[in-house]
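K.L.:
This is the structure, below, for whatever I ask next.
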Amino acid sequence: MKNERINVTKTFLPKQIEYQKILSRSWDKSWITNRGELVLELENKIKRQYNISNILATTNGTLPLQIAIKGLGLKGEIITTPFSYVATTSSIIWEGCKPIFVDIDEDSFNIDYLKIEAAITSKTSAILATHVFGNPCDIEAIDKIAKKHNLKVIYDAAHCFGVTYNKQSVFEYGDVSTCSFHATKIFHTGEGGALFTKDSALYDKLYSHHNFGHKGTSEFHGLGINAKISELQAAMGLAVFPYLDSIFERRETLYKLYQKELFGKVKFQKIASNCDYNYAYMPVVFKSETHLLEVIEELNNNNVFPRRYFNPSLNTIAYVNGDAMPISESISSRILCLPLYFDLGEENVIRISRLISNTISNE
Ligand SMILES: *Cc1c(COP(=O)(O)O)cnc(C)c1O
């Protein structure tokens, strides 16, 4: 029998009837957007579960980055990581600022805080760092640098649902943190996201930005955009929410099985010790891009489709044209995210690991 296709991820879907049951509440009220009861319930559930000060759910995980840049009044240069999804960099440029890249740490894959100060100029207004694959940055070190130079800090925490740092939700750090609830992420609403800030005055401002700047129906606080999440999206989130514990647990099991099977053959991400991790991705780094390409070919031939997250290194994108970032470019060329999702079987993790081991030991 031919093996079924295995992708890097598979969206977790609750039972359709469970989704419909929640949706029927918006049908009953004929209320499908503009912060109805389902959105408020989802926000409250997340807030309570993770002890969060302020959350604003949004229609995706990119607009909150743009709204944070706008709401914090950032201008000029923003120090950021070249190793992230394109939205981290594109949001900076979309908001009329210039991304200044700082290379990454080769073990954590996060921005190397030791190199940040050298990149600060009189034009620097902020640091926008990604907790790559859910692995928290060295938040204390980054905050210290930011305070010293009077910079704002935004964390792209798109991968971080469920992650804690020093026993607090990782979303509680920075001036603003953002998350994505896209269907490929660990917790999802189909499309969706959120922003978080402990500063309630800033929260009010960001809230206004996400709803056209409205102050009531016929007045405006100022400029805004539409980043509202709908009831239909929130219903999906509410239907997925009860499964979160089993999702985290299952992913941890599979992640550790990959680590056991591939021990000594590939390099794994070094996860911060002061965090509870969510096992959002299964990144492995090969010795060379040649190894990586051979592995991809072999896996594809066996109907397995991993993804090259993140490739290319963002400083090399044509419209960005940033300085060379040797470590990020090197990791980008050699890193592969292996399939990892709730109903992936152990036998497939073992099979995929053996295909990889056999390919790279044939050299
Ligand atoms: C997914 C992702 C985003 C964008 O989120 P969307 O919900 O797809 O808009 C931003 N940053 C990172 C690091 C991501 O992985």
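K.L.:
What residue, of Ile100, Ile154, Ile142, is β-branched (Val, Ile, Thr), modelled with pLDDT of 95 or more, touching a Gly at 6+ places or on another chain (Cβ under 9 Å) and buried (at least 23 other Cβ atoms within 10 Å of the Cβ)?
P.N.:
After ruling out the rest, the residue left standing is Ile154.
K.L.:
Out of curiosity, is Leu128 buried (at least 18 other Cβ atoms within 10 Å of the Cβ) and not in a loop (DSSP other than H, G, I, E, B)?
P.N.:
Yes; evaluated as a whole, the condition is true for this residue.
K.L.:
Further question on the same structure: Val132 - would you say it is within 16 Å of the ligand (Cβ to nearest atom) and out of contact with any helix residue (DSSP H, G or I) (no Cβ under 9 Å at 6 or more places or on another chain)? Explain how you work it out, then say what you get.
P.N.:
Numbers: within 16 Å of the ligand (Cβ to nearest atom): yes; out of contact with any helix residue (DSSP H, G or I) (no Cβ under 9 Å at 6 or more places or on another chain): yes.
It is true that Val132 is within 16 Å of the ligand (Cβ to nearest atom) and out of contact with any helix residue (DSSP H, G or I) (no Cβ under 9 Å at 6 or more places or on another chain).
K.L.:
Among the helices (runs of 4 or more DSSP H) lying completely within segment 8-89, list those that include at least 2 residues that are of a type outside the set (A, V, I, L, M), under 25 Å from Gly174 (Cβ atoms) and away from the ligand (no atom under 13 Å from the Cβ).
P.N.:
Passing ranges, in order: 37-50, 63-71.
K.L.:
Considering each residue of segment 345-362, count those that are polar (S, T, N, Q), assigned to a helix (DSSP H, G or I) and loosely packed, with under 11 Cβ neighbours inside 10 Å, and give that number.
P.N.:
1
K.L.:
Has segment 135-145 got any residue that is of a type in the set (S, T, N, Q), more than 14 Å from the ligand (Cβ to nearest atom) and assigned to a loop (DSSP other than H, G, I, E, B)? I'd like the intermediate steps shown before the answer.
P.N.:
The initial filter retains those residues of segment 135-145 that are of a type in the set (S, T, N, Q), namely 135.
Filter once more, keeping what is more than 14 Å from the ligand (Cβ to nearest atom): none.
There is no residue in segment 135-145 that is of a type in the set (S, T, N, Q), more than 14 Å from the ligand (Cβ to nearest atom) and assigned to a loop (DSSP other than H, G, I, E, B).
K.L.:
Based on what the data block shows, is Leu238 part of a strand (DSSP E or B) and of a type outside the set (Ser, Thr, Tyr)?
P.N.:
For Leu238, the condition - part of a strand (DSSP E or B) and of a type outside the set (Ser, Thr, Tyr) - is not met.
K.L.:
Kindly list the number of the only condition in (1) closer than 13 Å to Gln233 by Cβ; (2) free of Cβ contacts under 8 Å to residues at least 60 places away in the same chain that fails for Arg35.
P.N.:
If we test Arg35 against (1) closer than 13 Å to Gln233 by Cβ; (2) free of Cβ contacts under 8 Å to residues at least 60 places away in the same chain, just (2) comes out false.
K.L.:
Among the residues of segment 251-264, count how many are of a type in the set (D, E, K, R) and closer than 15 Å to Arg351 by Cβ.
P.N.:
So the count comes out to 2.
K.L.:
Quick one: Thr184 ticks every box in (1) touching a residue at least 60 places away in the same chain (Cβ under 8 Å); (2) in contact with a strand residue (DSSP E or B) (Cβ under 7 Å, 6 or more places away or on another chain); (3) within 13 Å of the ligand (Cβ to nearest atom); (4) among the hydroxyl-bearing types (Ser, Thr, Tyr) bar one, so which box is it?
P.N.:
Single failed check for Thr184: (2).
K.L.:
Sticking with this one: Could you say whether any residue in segment 204-220 is within 16 Å of the ligand (Cβ to nearest atom) and surrounded by fewer than 16 Cβ atoms within 10 Å (Cβ to Cβ)?
P.N.:
no
K.L.:
Does segment 1-50 hold any residues that are of a type in the set (Gly, Ala, Ser), surrounded by fewer than 16 Cβ atoms within 10 Å (Cβ to Cβ) and closer than 24 Å to Phe212 by Cβ, and which are they?
P.N.:
Passing the criteria: only Ser30.
K.L.:
Would you confirm whether any residue within segment 274-283 is within 21 Å of the chain's Cα centre (by Cα), farther than 29 Å from Ile46 by Cβ and crowded, with 19+ Cβ neighbours inside 10 Å? Write out each step before concluding.
P.N.:
Step one: of segment 274-283, the residues within 21 Å of the chain's Cα centre (by Cα) are 274-283.
Restricting the remaining residues to those that are farther than 29 Å from Ile46 by Cβ gives none.
No; the residues of segment 274-283 include none that is within 21 Å of the chain's Cα centre (by Cα), farther than 29 Å from Ile46 by Cβ and crowded, with 19+ Cβ neighbours inside 10 Å.
The values are calculated or read from the model by the stated rules, or taken from the named source; none is laboratory data. Here the structure is a predicted model, which means the values were calculated and not measured. Glycine also receives a Cβ, built like all others from the backbone with ideal geometry; neighbour counts cover every protein chain displayed.
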